[in-house]
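All remarks here apply to the structure that follows.
The values are calculated or read from the model by the stated rules, or taken from the named source; none is laboratory data. A quick note: this is a predicted structure, and the numbers were derived from the prediction, not measured. Note that each Cβ is placed from the backbone with ideal geometry, even for glycine, and that neighbours are counted across all protein chains shown.
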Amino acid sequence: MRDVFLLGFLLAILFLSLKRPFLLILTYCYVDIVAPQRLSFFLLNKVPLSLIVFGLAVVSWLVADSKKGTRFDHLQVVLLALLAYCGISTLNADFPVEALEKWSWVWKALLWSMFLPLALRTRLRIESLALVMVLSAGTLAIAGGLKTATGGSGYGSLQLLIDDNSGLFEGSIFSTVAIAIIPLILWLARHGTIYRTSIYVWGFAIALVFACLLIPVGTQARTGLVCAALLALLGLRDSKRRMAYIGGIAAVGLIALPLIPAAFSARMDTITNYQSDESASTRVAVWGWTWNYALDHPMGGGFEVYRQNRLQVNKVIVRNSGGQVTREIVPYTDRGRAFHNSYFEMLGEQGFPGLIIWLYLQTVCLIRMEKLRRRYRTCVFEDEWIRPLATALQAGHLVYLLGAMFVGIAFQPFIYMLIALQIGLHTYVKRREEEARWRPITVEVGGGVSGPDNDPVPALPAAGWGK
Amino acid sequence: MIDGFAIVLTHTLLLIAFWLLRERDDLDDEAPPAEHHRPAGFGWRGEG
């Protein structure tokens, strides 16, 4: 039944895409996030769906979509440099076979994020990409949230649609992504034009936010809790009534506390008592190993380089018997431990050059969104969506960068779509301002649409692009 | 059951969104920027 439904859905959206080639681009984003071929049991899983839709989207854009307003951005060159560097490191990888396997999806994620901004040349396209990303990730969030609410969760046991712990379906990774999309959900509910703001839209948005917040509870991923705390903190920036905001957060926390399973509380306790947690102890050890490896191999060892690590770890066991606390150090060896940190993932796999390129990409995105936030602090009605979107994207990106401290998601395709969205927003706003600046004088005079004396709202963003 | 509900709900919303987008001309072409976007320059009063 699920197979037939998903096949029918795909055929329907492919049919709708005949009129608007851009919809094929959205279709690929959906396929990349939800992976219907992985949810399928016998129909879609037989065809290379992702590759087919990828090809269709790019070819239809090249052949049938207008390029009016398309702009190239220097961050796309940065992405190209990262792609090329990863390609070279794959050729020289310490584990060529395993590296090739990771490369098989990384190149697509990077290429797609380079391509996407070229197509994001109208406001509606930017909004539609945000909507498709949110609803696609929402499929996993609603399933996970409902299972958590009905008690079917636990560390490593919350099944997000399929029994597969890879990609977006992995608990810690999806915890980060679920929290990262919350600002985008709220932006869509408030400024969306596809689903315009209404009581139903807000009802769905709030339910979806709640489902996203339940994901860290359901997966018992500590990463998600830390990310949620950061998001709550970021909300303070634009809150007009800060005390009410803090009070609201505290009230939600107090209400939620008794509802949280004991297993979740026990696991969250290990955030502060990390030495007694095996997972946390080995992470610190693998980060040390990676640093030393990078000093010996500054150009990186290629994808999956962590497989060669051998770690001597001391686990501290704290016992409390009759009020007397004893600490016992138990040494053990761990092998082939994954990075559990995107920064070290980049450092170990792509070396210092790869890490620098990657950090540059993240930093420029954050700075640009901050510039947009400040530039559009005061603006006219029709531009009122820009600042909140920049804020939402920046908050989502910051959540990702914090989550990346605990999970190896340096090449997570969803995040590269978020980056593409930021590049798209930046080039769109910049182009629109340039267009206004270069409008032919004949149109202004002859058309009678403007004039210095009848301009109703000359509220121009204050600072220049280079300022 | 839960998975089925999540899939049907979000995919229905996606399908409606695709349908609505198909009917929107501003998906491919936008009206030119409004006058007030224009920075100060020749024959222009400026930001006031």
#### Entry: 1 or more residues in contact with an Asp or Glu (Cβ under 7 Å, 6 or more places away or on another chain) and either within 14 Å of chain B (Cβ to nearest Cβ) or closer than 21 Å to A:ARG71 by Cα (or both): qualifying helices (runs of 4 or more DSSP H) within region A:332-437
A:413-437
### Filter pass, A:CYS29 being buried (at least 17 other Cβ atoms within 10 Å of the Cβ), closer than 24 Å to B:LEU27 by Cβ, of a type outside the set (A, V, I, L, M) and out of contact with any strand residue (DSSP E or B) (no Cβ under 7 Å at 6 or more places or on another chain)
yes
### Query
Regarding A:ALA57, is this residue in a helix (DSSP H, G or I), within 25 Å of the chain's Cα centre (by Cα), not aromatic (Phe, Trp, Tyr) and not assigned by TED's automatic domain parsing to the domain that holds A:GLY424?
yes
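Okay, residues lined up against (1) modelled with pLDDT of 85 or more; (2) under 14 Å from A:ALA178 (Cβ atoms); (3) under 18 Å from the mean Cα position of the chain (by Cα):
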{"residue": "A:VAL209", "(1), (2), (3)": "yes, yes, yes"}
{"residue": "A:LEU214", "(1), (2), (3)": "yes, yes, yes"}
{"residue": "A:ALA221", "(1), (2), (3)": "no, yes, yes"}
{"residue": "A:ALA232", "(1), (2), (3)": "yes, no, yes"}
{"residue": "A:ARG242", "(1), (2), (3)": "no, no, no"}
{"residue": "A:GLY248", "(1), (2), (3)": "no, no, no"}
### Task
Being within 14 Å of chain B (Cβ to nearest Cβ), part of a helix (DSSP H, G or I) and surrounded by 19 or more Cβ atoms within 10 Å (Cβ to Cβ) is the filter here, so list the residues in region A:61-85 that pass it.
A:TRP61
